[in-house]
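S.K.: Supplied in structure tokens, the structure appears directly below.
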Amino acid sequence: PPATPQPLIDDRKRFRQIATGLIAQSDGTEIQLRVTSTSMMPMIRSGDTILVETHQEKPFQRGDIVVRLEESQPGAPSGDWVVHRLVGKSEQGWLTKGDHLHALDRPVVPDMLLGRVIQINRQNRSIHLQQFPWPWVNRYLGLYHYWLGILFYHLRRLRGRVKST
């Protein structure tokens with residue numbers, strides 16, 4: 001069972017500083033955050049709270065839902081955070097994608113990954129992502145969203161080349 005979560009952090013500007021400090025402690029700290037976006041619907045909805053494991057006992061893998069730093073430009077963290085799914089790897093780093101979005105995000109280096117979502121809380125329900133069947137479901141969804149992102153990338157490129165008659 002998860003440890004008692006820390007108080008809810010609603011201030012996105014402070015999140016980077018707090019999360020970085022918690023990760024540096026490397027003592028298995030878990031933090032609870034409120035989601036304010038719909039990019040991960042239907043899995044995670046705006047208003048849900050998530051429990052984030054900041055100390056990684058096992059390496060990240062495809063399908064994990066992670067909290068990562070947003071970039072204002074490549075390699076320059078903006079201080080905002082994003083909750084998206086790891087869908088693959090490239091030479092530049094991890095590929096992430098929101099379940100409700102078509103496009104893959106820019107690759108992120110491992111240092112930009114702040115933690116793994118281990119629990120989703122909605123109203124009076126909790127989804128424990130480390131318990132069966134969720135690890136398998138998330139791996140499948142990671143693979144599915146990788147290929148979906150690749151498909152939409154190529155469709156966008158084709159759309160620019162094809163002229164309507």
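S.K.: In terms of modelled amide H atoms, which long-range or inter-chain residues lie less than 5 Å from the amide H of Gly115?
M.R.: Result for Gly115 returns Val67.
S.K.: Given a 1.4 Å probe, how much area per residue of the stretch 49-153 is accessible, in Å²?
M.R.: 52
S.K.: How large is ³J(HN,Hα), in whole Hz, for each residue of the stretch 106-121 in order, when computed from phi with the Karplus curve 6.51 cos²θ - 1.76 cosθ + 1.60 and θ = phi - 60°, using x for Gly and Pro?
M.R.: 4, x, 10, 6, x, 5, 7, 8, 8, x, 10, 6, 10, 7, 10, 10
S.K.: Additional query: Using modelled amide H (1.01 Å from N, peptide plane; none on Pro or chain starts), what sits under 5 Å from the amide H of Gly63, excluding residues fewer than 5 places away?
M.R.: Leu86, Val87, Gly142
S.K.: Also, quick follow-up: Roughly how many nanometres apart are two label points built 7 Å out from the Cα toward the Cβ at Arg139 and Gln56?
M.R.: The modelled label-to-label distance comes out at 1.8 nm.
S.K.: Determine, from the Cβ-Cβ distance of Ser126 and Trp147 and an R0 of 35 Å, the FRET efficiency 1/(1 + (r/R0)^6), rounded to the nearest 0.05.
M.R.: After rounding, the FRET efficiency stands at 0.70.
The values are calculated or read from the model by the stated rules, or taken from the named source; none is laboratory data. It should be emphasised that the depicted structure is a prediction, and the values quoted were computed from it without experimental measurement. So basically every Cβ, Gly included, is an ideal-geometry build from the backbone, and we count neighbours across all protein chains shown. Protein only, heavy atoms only, side chains kept; ligands, DNA and RNA dropped before computing areas. Shrake-Rupley method; radii C 1.70, N 1.55, O 1.52, S 1.80 Å.
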